[in-house]
Amino acid sequence: ENMALLIRGKTICPLCDNPIAESDEVYATPAFLKPTHRLASYSDAAFHSHCFAATADRQEVERLLERYKSVMASAPESLEEYEVWIQDALREFE
């Protein structure tokens, strides 16, 4: 599973607009929501852990991320089956 790109000292936390320093604890997510989802800004992103913990959206984002991981864990192994499966499997993340 790919996580958001994080370059310490350069990556800006989208919640506080400050750089994520070398010593900062980080909460990062993979690209798990479609760009049109109302919480898309939490997808494929890195945050200061304390900023993420304080956001009102935290519980919903965590629930969606756990659901995404559960859905992806059920993915078929063959490429042909996967291409058909993925179209329906990720519909709830739009």
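Throughout, read-outs are computed from the coordinates displayed, never taken from laboratory work. Just so we're clear, the structure is a prediction, and the values are computed from it rather than from any experiment. Methodologically, a virtual Cβ is constructed for each residue, glycine included, from the backbone with ideal geometry; neighbour enumeration extends over all protein chains shown.
A few remarks follow.
- The chain, relative contact order [Cα under 8 Å, separation at least 6], %: 26
- About its Cα centre, the chain has a charge dipole of approximately 340 debye under the convention of +1 per Lys or Arg Cβ and -1 per Asp or Glu Cβ, with nothing else charged.
- q = 0.23 Å⁻¹: log10 I(q)/I(0) that the Debye formula gives for the range 52-94, counting C-alpha atoms only: -0.77
- From the coordinates shown, Cα extents along the principal axes in Å corresponds to which of [x] 43, 25, 20; [y] 38, 28, 21; [z] 48, 28, 20: [x]
- Dipole of the chain [Lys/Arg +1, Asp/Glu -1 at C-beta], most positive-end residue of Phe93, Tyr42, Pro76: Tyr42
- Placed amide H near Val26: partners under 5 Å, 5+ positions off or other chain: Ser49
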